[in-house]
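Visitor: Here you go, one structure.
The values are calculated or read from the model by the stated rules, or taken from the named source; none is laboratory data. Computed from a prediction, not measured in an experiment: that's the story for all the values here. When we count neighbours, we look across all protein chains shown, and the Cβ atoms used for this are built from the backbone with ideal geometry, even at glycine.
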């Protein structure tokens, strides 16, 4: 039976999940955006062409993306302890979530920036724009709708990852689902957490779409 | 004044393209200079060598006494602010309003805000877009977008404007209006305009001088009237032929009579040369085709005529026409 205690547990779990996801999304964007910019601009034929750096950078990003999250989370426990002081709880979970999402963001940012019309970049060059000016005044503003959607996809992904983090003491809705829904056979609690997760993902996507639309001026 | 000295450029790739094969060309200040050629002739590469969007492999590019290949990135960035560029596909920033697009080069050059507002207002008036300043490029027609592109290119008061196929993506009416705008700008601001195009009409409407390119070399340069009336290179002749000459019905071509192609330039257009020809030489002249056009400001006419008469009368007629400074070419083989 769902009682007041369980409802408040679900409420706190939701808040924990939101906290993990939003902070990890923010930090991963902060770290992943420059890496994405580096990936795009050092590519052959681009404004800061550096084929070697481009390949090394791309390799590291791919490596980061190819490690399954559940393994990554366990593997970097010493690092997590170093940063967060503990490896258990929502604050600790933010560390592996950020580490996992950063290369993901970098790749998505790279994809969004590559969509910027080469002609527009050439036009800026013809006006004497420097590479930093091209990045800040042309590429990022022109790719903004795509960048917003990239962050949205990342946040949605992190909702999933955060539930996984819950399974090894990360807190949040995933933790509830494992401890009550799975270990204590409370199918009703399991169902509630799933419904909340679905609503969360829908909400994040709708918000992202709305913000992206605001920046979209192509027609 | 712009000078190319033996400029070469090859694009390496799976199949290397030798885009420029030793171009020598000088472009005087203050005029509208056209560069025409088929696609792949190297004209876009050539114009991109002026502001170093493409770096020549060898040779020199001089703009107003400055050797462009030798500039440091910083100097190049500065000198690019004195060279405006207009593109075929406009290349406007979709994330910025029309106002912000025109203001963009001023922002890059760190103009004070007040000056930017003033300058953009003047430019918007010049290109006739005062009422669209708060709109986005996505809401404009092609012609309006190109007007924004032109205003943007003029923002930092360049001495030189490069137009890379600026009207090729526009419909015929819009093309005319954009060309008029360029002509007007050239007259009012006294700046040099270099126009890259594959359309003879563009050269005809606005250019003072023209260079004809083929296979990465300049085949011919000269005043437009001269190149149009007396083309010396095969490339120029073939571009002109497609532009001027009608396809004569084959019945007309096989009458056995001589068909002449007469080209009139400048004052000759106003004189009744044909009537004088008939009276003087006693031949019958059958007019098959004719047109009069305007080359920027000079009138220019073409006639295809069939001469009916004896061989002697024919050669007399040709001599008479040449004496009267009409360009004569035997049209049928």
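Visitor: With the requirement that a residue be under 15 Å from residue A:149 (Cα atoms), touching a helix residue (DSSP H, G or I) at 6+ places or on another chain (Cβ under 8 Å) and either in a helix (DSSP H, G or I) or free of Cβ contacts under 8 Å to residues at least 60 places away in the same chain (or both), what does segment A:192-216 give you?
Guide: Selection gives A:201, A:204, A:205, A:207, A:208, A:209, A:211, A:212, A:213, A:215.
Visitor: Can I ask one more? With the condition kept exactly as written, say whether any residue in segment A:19-31 is assigned to a loop (DSSP other than H, G, I, E, B) and surrounded by fewer than 17 Cβ atoms within 10 Å (Cβ to Cβ).
Guide: No: segment A:19-31 contains no residue that is assigned to a loop (DSSP other than H, G, I, E, B) and surrounded by fewer than 17 Cβ atoms within 10 Å (Cβ to Cβ).
Visitor: All but one of (1) in a loop (DSSP other than H, G, I, E, B); (2) surrounded by fewer than 20 Cβ atoms within 10 Å (Cβ to Cβ) hold for residue B:22; which doesn't?
Guide: Of everything listed in (1) in a loop (DSSP other than H, G, I, E, B); (2) surrounded by fewer than 20 Cβ atoms within 10 Å (Cβ to Cβ), residue B:22 misses just condition (1).
Visitor: Please verify whether residue B:291 is surrounded by fewer than 18 Cβ atoms within 10 Å (Cβ to Cβ) and in the same structural domain as residue B:39 (by TED's automatic domain parsing), treating the condition exactly as stated.
Guide: No; evaluated as a whole, the condition is false for this residue.
Visitor: Go through segment B:99-148 and count every residue that is over 22 Å from residue B:78 (Cα atoms) and at the interface with chain A (Cβ under 9 Å from one of its Cβ atoms).
Guide: 4
Visitor: Could you grab me the full set of residues in segment A:47-80 that are touching a residue at least 40 places away in the same chain (Cβ under 8 Å) and part of a loop (DSSP other than H, G, I, E, B)?
Guide: Hits for segment A:47-80 are A:47, A:48.
Visitor: Need at least 3 residues that are buried (at least 24 other Cβ atoms within 10 Å of the Cβ) and more than 14 Å from chain B (Cβ to nearest Cβ) per element, so show me which helices (runs of 4 or more DSSP H) inside segment A:87-182 make the cut, counting only ones lying wholly within it.
Guide: A:90-114, A:140-167, A:172-176
Visitor: Related question: Just the residues that are buried (at least 18 other Cβ atoms within 10 Å of the Cβ) and assigned to a strand (DSSP E or B), please, taken from segment B:218-230.
Guide: Selection gives B:218, B:219, B:220, B:221.
Results for (1) touching a strand residue (DSSP E or B) at 6+ places or on another chain (Cβ under 6 Å); (2) at negative phi; (3) assigned to a helix (DSSP H, G or I), shown as yes or no for each residue.
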position	(1), (2), (3)
B:232	yes, yes, no
B:243	no, yes, yes
B:248	no, yes, no
B:260	yes, yes, no
B:288	yes, yes, no
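Visitor: On the given criteria, is residue B:151 in contact (Cβ under 8 Å) with a residue 40 or more places away in the chain, within 12 Å of chain A (Cβ to nearest Cβ) and in a helix (DSSP H, G or I)?
Guide: Spelling it out, it is not the case that residue B:151 is in contact (Cβ under 8 Å) with a residue 40 or more places away in the chain, within 12 Å of chain A (Cβ to nearest Cβ) and in a helix (DSSP H, G or I).
Visitor: Answer with yes or no whether residue B:96 is at the interface with another protein chain (Cβ under 9 Å from one of its Cβ atoms), over 24 Å from the mean Cα position of the chain (by Cα) and free of Cβ contacts under 8 Å to residues at least 60 places away in the same chain.
Guide: yes
Visitor: Could you tell me whether segment B:66-79 includes any residue that is facing another protein chain (nearest Cβ under 10 Å), under 24 Å from residue A:139 (Cα atoms), out of contact with any strand residue (DSSP E or B) (no Cβ under 9 Å at 6 or more places or on another chain) and buried (at least 16 other Cβ atoms within 10 Å of the Cβ)?
Guide: Within segment B:66-79 (the criterion being facing another protein chain (nearest Cβ under 10 Å), under 24 Å from residue A:139 (Cα atoms), out of contact with any strand residue (DSSP E or B) (no Cβ under 9 Å at 6 or more places or on another chain) and buried (at least 16 other Cβ atoms within 10 Å of the Cβ)), the answer is yes, since at least one residue qualifies.
Visitor: Hey, any hits in segment B:202-224 for a residue that's within 14 Å of another protein chain (Cβ to nearest Cβ) and modelled with pLDDT of 95 or more?
Guide: Taking every residue of segment B:202-224 in turn, none turns out to be within 14 Å of another protein chain (Cβ to nearest Cβ) and modelled with pLDDT of 95 or more.
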